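The values are calculated or read from the model by the stated rules, or taken from the named source; none is laboratory data. Predicted model only: the values in this text are computed from it and were never measured. Positions of Cβ are generated from backbone atoms using ideal geometry, with glycine treated the same way; all protein chains shown enter the neighbour counts. Heavy atoms of the whole protein, side chains included, go into the accessibility calculation; ligands, DNA and RNA do not. Shrake-Rupley method; radii C 1.70, N 1.55, O 1.52, S 1.80 Å.
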Amino acid sequence: MITSITLNAAIDQIYRLDCLAVGGVNRIMDMHQDAGGKGLNVAKVLTSLGAEVDAGGFLGGSNGEKIRRLVKEKGIPEQFIPIAGESRVCLTVMDTSTGKGTELLESGPVISEEEWKSMLEWLRVKSNQTKWFALSGSLPKGLPDDAYAQMIDIINANGAKAVLDTSGIALRYGIEAKPFAIKPNEKEFADMVGSESLSTERMRKEGCRLAEQGIGHVCLTLGEKGALFCNQTGAFQAEAPLIDLKNPVGSGDAFIGGLLYGFSSFEDDVKAYKRAIACGSVNAAHPEIGYSDWNEVEDLMKMIKIQEFN
Ligand SMILES: Nc1ncnc2c1ncn2[C@@H]1O[C@H](COP(=O)(O)OP(=O)(O)OP(=O)(O)O)[C@@H](O)[C@H]1O
Ligand SMILES: O=P(O)(O)OC[C@@]1(O)O[C@H](CO)[C@@H](O)[C@@H]1O
């Protein structure tokens with residue numbers, strides 16, 4: 001069983017239009033709404049791949065009710081903790097002429113101390129029943145900067161494993177707690193090491209340093225360039241397959257879905273890494289956020305070559 005936690009869940013709203021005119025009048029071609037926030041996308045991908053997954057986090061207000069209904073419609077069991085605040089809306093404006101998405105993300109509700117305590121209590125019980133956790137996305141207001149670190153401590157103490165996907169200060173604290181895997185993208189990793197941008201060699205060096213400190217898998221996603229992986233045995237790199245790009249939003253979440261599918265079904269590291277990249281690329285080849293399909297993933301996996309750094 002895999003449990004995917006979204007502390008800052010969202011209604012993901014996608015507007016598609018011909019060509020975005022910033023500062024002008026824009027007429028929308030079509031609009032789509034889905035349950036989102038990074039962890040829910042991970043759960044959607046895992047469900048499409050046929051894995052046993054459930055979802056947790058915080059939900060509140062009428063947006064929260066809508067998210068709960070959308071999650072149910074996808075057949076994902078959920079154990080969200082109700083909160084007094086209103087869950088957020090995240091808007092992606094897809095410019096079909098360039099294939100580029102502009103994201104407008106609300107910061108989300110304020111979580112009270114009581115609500116946070118309920119989450120930690122729930123996790124103490126849950127991590128005795130679930131082996132694998134995805135902890136994904138930004139922290140809503142009110143939570144301490146070390147919120148993910150506190151969660152990872154509980155998960156590790158119960159012998160379960162956490163994959164962490166966040167950024168900024170939450171990632172810095174989270175790393176201290178030694179999750180099983182982390183998945184920053186290039187920019188998030190550069191921010192973390194305090195640099196504007198990083199060469200491949202510097203990414204490898206910094207990634208391997210973290211792996212030596214006890215993070216099982218440091219996965220650095222590089223968008224269309226693929227990904228770089230560091231673990232106890234070395235560093236590996238793979239290019240992403242060429243696809244017809246439709247919407248890259250949520251590709252990092254799909255990557256985590258693939259990684260968790262692989263590890264939870266005892267695939268070796270290289271196969272799990274290939275599955276992760278393929279899942280990211282399949283998502284980017286479709287307009288929906290958190291899209292996956294078993295056969296498409298298997299086909300792309302055959303095209304991916306993982307190379308070890310010397
Ligand atoms: N344009 C693309 N072409 C092919 N594959 C892609 C493309 N964009 C993303 N991917 C795949 O998805 C994976 C994750 O992408 P990326 O590094 O953009 O994640 P991210 O920035 O965390 O995304 P998000 O935050 O939107 O979920 C990549 O490693 C790659 O396999
Ligand atoms: O504010 P966060 O949690 O960092 O990101 C939220 C978000 O942009 O991430 C997903 C794509 O990865 C979307 O479903 C969602 O809208």
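Things worth noting here:
- DSSP beta bridge pairing in the chain, given as percent antiparallel to the nearest 5: 45 percent
- Portion, in percent, of the accessible area of the chain that falls on carbon or sulfur, probe 1.4 Å: 50 percent
- Label point distance in nm, residue 267-residue 245, each placed 7 Å from Cα along Cα→Cβ: 2.4 nm
- Lysines whose Cα lies under 21 Å from that of residue 100, excluding same-chain neighbours fewer than 8 positions away: 38, 187, 225, 246
- Entry comment: accessible area of the chain is 44 Å² per residue, from protein heavy atoms only and a probe of 1.4 Å.
- Across the range 67-78, rounded Karplus estimates of 3J(HN,Hα) from the backbone phi angles (6.51 cos²θ - 1.76 cosθ + 1.60, θ = phi - 60°) give 4, 4, 5, 5, 5, 4, 4, 7, x, 9, x, 10 Hz, Gly and Pro being marked x.
- Square roots of 5 times each gyration tensor eigenvalue, C-alpha, the range 32-103, largest first, Å: 23, 18, 9
- The calculated FRET efficiency for the pair residue 197 and residue 145, based on their C-beta separation and a Förster distance of 30 Å, comes to about 0.75.
- 29 Å tail of the calculated P(r), the range 2-308, as % of Cα pairs: 31 percent
- Highest average first, the peptides 279-286, 196-203, 64-71 ordered by how many other beta carbon atoms sit within 10 Å of their residues are 279-286, 64-71, 196-203.
- Using a Förster distance of 45 Å, the FRET efficiency for residue 157-residue 102 (Cβ separation, nearest 0.05): 0.65
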